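One structure is given here, and the rest of the page talks about it.
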Amino acid sequence: MKTFLEEVNEMIGGVPIQRCYHCRKCTAGCPLAFAMEYNPNRVIKMIQMGMKEEVLGSSTIWMCASCETCVTRCPNQVDIARMMDALRQMSIESGRPAKEANVLKFHNAFLANIRLGGRINEPIMMVQYKLASGDLFSDMAMGVGMFMKGKLSLLSPRTRDMKAVRDIFAKTKP
Amino acid sequence: MKVSYYPGCSLHATGKEYGQSVRAVSKALGIELKEVDDWSCCGATSAHSTNFKLSIALPARDLIAAERDAMDVMVPCAACFNRFKTAQHYLDKDKALRSEIESIVGARYQGGIRVRNPLDIVSNDVGLDTLAGKAVRKLTGLKPVSYYGCLLLRPPEVCEFDDYENPVLMDGILGALGADVRSWSYKTDCCGGSLTISKTGIVVKMVDKLMTMAREAEANCLVTACPVCMANLDMRASEHVRLPVFYFTELMALAMGLEGPEGWFKLHNIDPRPLLAGLGLV
């Protein structure tokens, strides 16, 4: 059986994360570190220690905004941003509930919206998100304001070849 | 020159003024745009955060469609630009992945067309001298900070864009239009991206910091090339720190005396017209 470290390294497919020597440059430059449960370099250590439950169940993996500052500055080319993607994907595929449930609900609403019309229709996507998250009333005034300005339209252009788009979703389904 | 054009979803909706101003300045600069046939969404953060293959296959479909026109493809949205460059990066270096993605998309990927942001095309193909010559109304008194954010720049070996810690392309363009571009240290800091919907409080903190630092640099506005940055800065910043935010193409159109800017400015949440009126620019 593969260790957690081996699983993560295999998904990243680049430099093995154990090249990290914990200089903490990733954490020092991470704009979301202030809001994270575990700092990025700590996540690497936890993976090495096999702490799968703690890592995949953490809020950190959902708070990463994918700004890619960490991988850009890492002196060892560890692709920490890609690692966060891989951890999120592992968490979803294992059926664990996301610690930051609304972040995942947003992603799901966004992708469901692409499946619907090939392109994002922002008002409909927001309705999809709001129904899923139960967060019905935040940003309502802002949404109405944008609607009045003509920035949001229920009838936005769609992709014609929707079969091609749906095929992509069907064939990439884990 | 003629290029393929991928507007992406935002440029028809929340980033409408970016889409319209890109078209207006392209026309005025003699850049003909040929929209990519029947394009679909690049998948953005939501695809790569949840499903790696989906995040490559979605932009691959668009890249393949663009390849049929055999021209560079202009991608104004920083988020789409990043997904296109990332897809190219993986498709070019990983043969096994490439054939898998080709069978998912149902078409062959050739490679070889360049994915380009208008900041690059205006700076390097049009040139700043030509641009300055077209600026009939210099942006005197405007003190912008250039805000590049994340997705045009990082990771640098994928984006192949500008200096990734101190980018200068936008500064050059704004300077050529006569603006007094302020230097600051937050050019490439993150705005919080798509967390704006699900973790709003965190994004407010991040954009407030950007606004505060722009003020410290004595700027009177911020300028961006990304609809996500625009949305976060323009709509999430707290009232006591906020400054007007522009797309760089809006300011190009304003300086070039083109039709449209006043209508675009009305679409902003933070109305930039009082600032511009005070400077005699509208």
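A short reminder: the numbers here are calculations on the coordinates, not readings from a lab. Fair warning: this is a prediction, and the values are worked out from it, not measured in the lab. Cβ coordinates were reconstructed from backbone atoms using ideal geometry, including for glycine residues, and neighbour counts include every protein chain displayed.
Here is how the numbers come out for the structure above:
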quantity: For q = 0.10, 0.19, 0.21 Å⁻¹, Debye-computed log10 I/I(0) when each Cα of segment A:4-93 counts as one equal scatterer; calculated: -0.19, -0.77, -0.97
quantity: Hull volume in cubic angstrom per residue (convex hull over the Cα atoms of the protein assembly as shown); calculated: 132
quantity: B:Arg108-A:Ser59 FRET efficiency (beta carbon distance; Förster radius 41 Å; 0.05 resolution); calculated: 0.45
quantity: Note, ³J(HN,Hα) from phi for segment A:62-76, Karplus 6.51, -1.76, 1.60, rounded to Hz, x at Gly and Pro; calculated: 8, 7, 4, 9, 6, 7, 6, 5, 4, 5, 5, 9, 4, x, 10
quantity: Relative counts (whole %) of C-alpha pair distances in segment B:143-277, using bins that are 5 Å wide; calculated: 2, 11, 21, 24, 21, 14, 6, 1, 0
quantity: Cα-derived Rg to Rh of segment B:153-218, Kirkwood definition; calculated: 1.03
quantity: Surrounding net charge for B:Val168, when Lys and Arg each add one and Asp and Glu each subtract one, Cβ distance under 14 Å; calculated: -3
quantity: Mean separation of Cα contacts under 8 Å, 6 or more apart, over the residue count of chain B: relative contact order %; calculated: 19
quantity: MRE, 222 nm, helices only [DSSP H, n ≥ 4, -39500 (n - 2.57), over the protein assembly as shown, to nearest 500]; calculated: -14500 deg cm²/dmol
quantity: Spread of Cα-to-Cα distances over 10 Å intervals beginning at zero, given as percent, for chain A; calculated: 9, 30, 29, 23, 9, 0
quantity: Within straight-line cross-link reach of A:Lys163, lysines at Cα separation under 17 Å, skipping those fewer than 8 residues along the same chain; calculated: A:Lys171, A:Lys173
quantity: Within segment B:153-219: Cβ-based charge dipole about Cα centre, in debye rounded to nearest 20 (Lys, Arg +1; Asp, Glu -1); calculated: 420
quantity: Between segment A:9-71 and segment B:144-191, the alpha-carbon center distance in angstrom; calculated: 26
quantity: Value of D in µm² per second that Stokes-Einstein yields for chain B, Kirkwood Rh from Cα pairs, at 10 °C (1.306 mPa s); calculated: 83
